[in-house]
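The values are calculated or read from the model by the stated rules, or taken from the named source; none is laboratory data. Given the structure is predicted, the values throughout are model-derived calculations rather than measurements. Positions of Cβ are backbone-derived with ideal geometry, glycine not excepted, and every protein chain shown enters the neighbour counts.
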């Protein structure tokens, strides 16, 4: 009996195999990594939102989704929210906010005006564009409520 070299003995074992079909989960078209790549190529930014409950209010009925998976997608200045979960139909009167306060019950003790923040860069920009010193640029910015363009126009057009 002739003994074959080792390379020839293992030849059958080293034969390439055909690719096996990939098992996918029900309803899944492609993996999340592949989906994120395709979305990024189309200019869609995706971010998950940590939500405990989603309420969709209608005139006759409301939908409540407990422990949903929420994904915010941004494209061309618009936002799309994808909500995944099991929805329950509820009458609109049966919904209550967990914190015990409804939106209409919230009271504001004092109404404060939003004061603009004027940065050093804003002052420098106004001073250089209008050819004035920093203190004058700062005072005009305060008068114009932080509006840089308005301050520059005021300083350039003053008598």
Q | residue 109 vs. criteria at pLDDT 90 or above and more than 30 Å from the chain's Cα centre (by Cα) | A | no
Q. How about the range 130-159: which of its residues are touching a helix residue (DSSP H, G or I) at 6+ places or on another chain (Cβ under 8 Å), touching a residue at least 24 places away in the same chain (Cβ under 8 Å) and either assigned to a helix (DSSP H, G or I) or buried (at least 19 other Cβ atoms within 10 Å of the Cβ) (or both)?
A. 130, 148, 151, 152, 155, 156
